[in-house]
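Below is one structure, written out as structure tokens; the observations come after it.
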Amino acid sequence: MAMDSGFHAFLLLLTLMGVARVAELVVARRLTKGAAARGAQPQREPVFVVMIFLHLLPFVLAPAEVVVRGLVFRPALFWTGALLLLVLAGLRVWTLRTLGAMWNVRIVNPAVVVVDGPYRFVRHPNYAIVIAELVALPLAYGCWATLAILSSLNALVLFFRIRAEEKVLFALPGYAEQMGKKKRFVPGLL
């Protein structure tokens, strides 16, 4: 397969997503130190390592699928995926800014229950965004096998991750009263 401009655009999209993820890890490390300073330590969670692996997979599987299967660039798919990722990036910024110092990639006991921003509508907007990103990124080049693999693995990881996280959150005073009746990902549905 010749490396055409569409594949280069896809690689650029993957790179931008990768840079965003690395930036999030840098911020999370700083916030973890801040949480530790107030006495909150990250929970031990075996699924965290699997989650890290899962979040690295799109950067390997998607380009490999393009090359191995000889996928053809489809501009409409690319721009649909890219536009969806742009919208999701805005939603992620909103979510992370709302959480502020309470956000982390690890499960850390927050100092306060956050009920503003997207948390007015659902308990886990950031996970909803991740679910959508793991669809949009492979969609941008029609990597259906990658999309199926990532979505399946993510569903499994989130099953365990959210149970562990909600165990911590529902133990917080006021969390059950303020968040317990809200859906996890989509208002009124899921």
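Multiplying the sequence separation of Trp144 and Val112 by 0.36 nm and subtracting their Cα-Cα distance, what value in nm do you get?
Values: separation 32, 0.36 × 32 = 11.52 nm, distance 4.02 nm.
Net length gain for the segment: 7.5 nm.
Extension gain Arg29-Thr80, at 0.36 nm per residue separation less the Cα-Cα distance, in nm?
Full extension of this stretch gives 15.1 nm more.
Where in the chain are the DSSP H helices whose alpha-carbon span along the long axis reaches 27 Å or more and whose Kyte-Doolittle mean is at least -1.0?
Helices meeting the span and hydropathy rule in the chain are 5-37, 75-99, 144-169.
Check Lys183: other-chain or 5+ apart residues with amide H under 5 Å from its amide H, H built from backbone geometry?
Excluding prolines and chain starts, which carry no amide H, the hits are Arg123, Gly188.
Quick one: grab the alpha carbon gyration tensor of region 142-190, order the square roots of its eigenvalues as a ≥ b ≥ c, and give me rounded if a/c is under 1.5, else prolate or oblate depending on whether a/b is larger than b/c. Please report the intermediate quantities before stating the final value.
On the way: a/c = 5.29, a/b = 2.11, b/c = 2.51.
Oblate is the answer for region 142-190, as a/c is 1.5 or above yet b/c matches or exceeds a/b.
Decide, for region 36-140, between rounded, prolate and oblate: order the square roots of the alpha carbon gyration tensor eigenvalues as a ≥ b ≥ c, take rounded if a/c falls under 1.5, and otherwise choose prolate if a/b is larger than b/c, else oblate. Don't skip to the end; give the middle numbers.
On the way: a/c = 3.74, a/b = 1.71, b/c = 2.19.
In terms of gyration-tensor shape, oblate.
The chain: D in µm²/s via Stokes-Einstein (Kirkwood Rh, Cα pairs, 20 °C, 1.002 mPa s)? All intermediate terms of the calculation are to be shown ahead of the outcome.
Details: Rh = 17.7 Å.
Value of D from the Cα-based Kirkwood radius: 121 µm²/s.
Shape verdict for region 16-67, please, from the Cα gyration tensor: rounded (a/c under 1.5), prolate (a/b greater than b/c) or oblate.
Details: a/c = 7.90, a/b = 2.02, b/c = 3.91.
Oblate.
Every number here is computed from the coordinates shown, using simple stated rules; none is lab data. Just so you know, these numbers come straight off a predicted model, no measurement behind them.
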